[in-house]
Each structure stands twice: as structure tokens, then as C-alpha cells.
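Readers should treat all values here as calculations from the given coordinates under stated rules, not as data from a laboratory. A quick note: this is a predicted structure, and the numbers were derived from the prediction, not measured. Reconstructed Cβ throughout: ideal geometry from the backbone, glycine too, with neighbour counts over all protein chains shown.
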Amino acid sequence: MSMLKSLEQLQAEGEAALRAIASAAALPDWYHAYLGRKGKLTEVLRGLGALTPEERPAAGKAGNAVKEALEHAFAARQDALREAELNASLASGQVDVTLPGRPVAPGHLHVTTRMLRRYRDIFAGMGFQVYESPEVETDENNFGLLNIPPYHPARDMWDTFWVNDQVVLRTHTSPGQIRCMKESHPNPIRVILPGKVYRYEQVTPRSEHQFFQIEGLVVGRNIRITDLVGTMREFANQMYGQGRKLRVRSSYFPFTEPSIEIDIDCVLCKAAGCRVCKYTSWLEIAGAGMVHPTVLRNGGYDPEQWSGFAFGLGVERPALQFHGIQDIRYFYTNDLRFLRQF
């Protein structure tokens, strides 16, 4: 039998076999049997080498035509079977494409973002604006211009992530003070500086190597420490409820003088003593102080004419207290079982 006759019979046989297939699941077997690398068409075309040079062009052309026809027939049968199966499924009620899809649950704000916005709203009511500064800082801004030169022992207070000899991941939001003063000079300042900070610390249920801070900075004429205490008292009343008791303790920060820490009576145990307040009846809410004259001068302000105060507030720990969360690490593990609670 000639090759042309064999190809003609193969095409008729293949098309008849396709028409006999009743399920789309059986189509791959047909494809491998007729058009696969070891299929019937390949077997027939292997005989091209036995033909005379004059016969080969016609046979090769016929082989390509048969392959094209079978592929077209395969695609058409595949579409027809899939449509038939879909119609049968619709008729049996298994799938109703007219029904609305399953609702997608909307996202929501992270618990720390909600806390940051709460801070922002409270301080906006006291006339503070938001100033944003970069998380990657120079050593000069993070330490030097904040009255912490390279030899200063206070650098041991911060375990620093160094990018290189001159660049760090900021260890606190205080370098934003320098940037803000340089941009605002010679005008008064009343801003908060929210942002994430980084410290090379051991991760525990109550401490992380990355966390949020809220820095506050006020610069003006005749600013006194009583203004600072009054601001912190108003913040505590709005954040934790009216009638909060405030305690001021002396402290030390290189960029403030004098330096203080602010405590409030424990809102969880009503000053009776509990594990959160370490049975002291007091919760620390802020480190603060009057801006050091050197820092004012580095920011472009004459400390003989200008004064100011600064404060730093945590974000995650108040969130722990408000929501009764036992482990700060939950905030950044991306566990949806935790995040969906807030």
C-alpha cells in the first residue's frame, strides 16, 4: 500500500475514533495514540526514507496535512465534549454560574497601625503635626548630632544594626528631631515623629528587634518642663481615661537635659499591683526631657533664645496592655488567627 493511501486511511480512522470518544478524560489517550511521539502518524511517516526522491515531497506534504487535520479535529472534539459536560453539570444543578461568588473577607488595619492612629488623633487635638523621617539613617544623625559622639558610653544603650561604618538602621526616632529642626528653622515646632526602629536585641515575649516608637518634639520660646508634664498628663487622660495619676522620675538621655520618665497608675490592676506593672502599681509610658542645648544648636536653634521638650512613646506595649496580649512576637509572625481578632 502506498504511503499516501496509508495516510488517508489513518486520517479517516483517527477522526472516527475521535467521534466515538464520549468523555474529555479519554482525549489524552487518543492524542498519544495518533499524534504522540510514538503514535500512528509517526510510524507511517518513518517510511519516508524508503521512498524515492520524487515521491518524498508529495508524501511529506500529505503527512503534514493529515497532522493538521487531526489536530483541528482533536481541538474541535475537545471543545464539544467540554461544553457538553458543562451543560450536563448545569442541568443537574451541580454548578449554577448565576449564583453570586463566595464573598471575600475585606482586609483591616493591623493592631499596631490602629494604635499609631490613636496616638495621631490624640496629639492632633493638641496641635501636633506628623513628621516622617527615614528608617535608614547616618551615624551622625542617629548619634553624633544628638550629643552622642563615637566615644560616648551612652552608645551602649542601643544595640545597633550597622549597614556600614557611616549608616545604621535607626535605633530610635530621635534622629528625626535633627531633620525636623533643620527643615523648620527658624520657626517654632510641634510635631510627632512615628516610625519603626531597630535594635540588635534578644527577642522575648516582651521585646523585639523591630518595633514602633512615637517621638514628640516641641521647640519655641519660653518652653518649660511644666509644658512637657502638662502635655503628658493630657495624653495619659485621653489615652488611658480621665483621672490618671502621673509620676515623674528623673532619668538620663544624652539628648535631653533634664531627663525624666513618666509613669501612670496601672490601668489594669487599678494600682493594686499586678504582673504587668511588676507589682509596683505604676506603668512607664514615656521617656522625656528638655531638648539639650547642644541638640538645639545642632538643629540650627540658638539655645539662648529657644527651648523645647521631647518625649518618646512605645506602641506595641500599650497594645499588649489594651488587648491583653501575652507575647509581643505575635505582632509580626503574620499568623492570621491572631491578626483577625482585631
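How would the range 195-285 be classified by its alpha-carbon gyration tensor: rounded, prolate or oblate, with rounded meaning a/c under 1.5 and the a/b versus b/c comparison settling the rest? Note, shape of the range 195-285 comes out oblate.
Cβ-to-Cβ counts within 10 Å put Asp302, Asp263, Asp165 in ascending order as Asp165, Asp302, Asp263, the fewest first. Averaging the Cα positions of each part gives two centres, and for the range 184-237 and the range 314-330 these lie 18 Å apart.
Both numbers refer to the Cα atoms of the range 92-235; Rg and Dmax are 21.5, 82 Å. Here the alpha carbons of the range 1-140 define both size measures, Rg and Dmax, at 32.9, 99 Å.
Towards the positive end of the charge dipole of the range 189-307, with charges on Cβ (+1 Lys, Arg; -1 Asp, Glu), say which of Val295, Thr280, His209 has the farthest Cα. Farthest along the dipole direction, towards plus: Thr280. Quick one: longest stretch of the chain between exposed loop trypsin sites (Lys or Arg not before Pro), exposed meaning at most 13 other C-beta atoms within 10 Å and loop per DSSP? Between exposed loop sites, the widest span is 39-205. Among Ser207, Ser133, the order by Cβ neighbours within 10 angstrom, fewest to most, reads Ser207, Ser133. This model, with +1 at the C-beta of Lys and Arg and -1 at the C-beta of Asp and Glu, gives the range 111-339 a dipole about its Cα centre of some 900 debye. Cysteines in the chain that lack a partner Cβ within the 4.7 Å cut-off: Cys180.
Restricting the chymotrypsin sites (Phe, Trp or Tyr not before Pro) of the range 9-68 to loop positions (DSSP other than H, G, I, E, B) with no more than 15 neighbouring Cβ atoms within 10 Å leaves nothing.
Once you divide the Cα radius of gyration of the chain by 2.2 N^0.38 Å, the number left is 1.85.
From least to most packed, judged by other beta carbons within 10 angstrom and beginning with the fewest, Thr98, Thr204, Thr231 follow the order Thr98, Thr204, Thr231. Sites count as exposed loop sites when they are GluC sites (Glu not before Pro), lie in a DSSP loop, and have at most 15 other Cβ atoms within 10 angstrom; the longest stretch of the chain without one is 202-303. For the range 57-176, the orientation-averaged shadow of the C-alpha convex hull comes to 21.0 nm² (one quarter of the hull surface).
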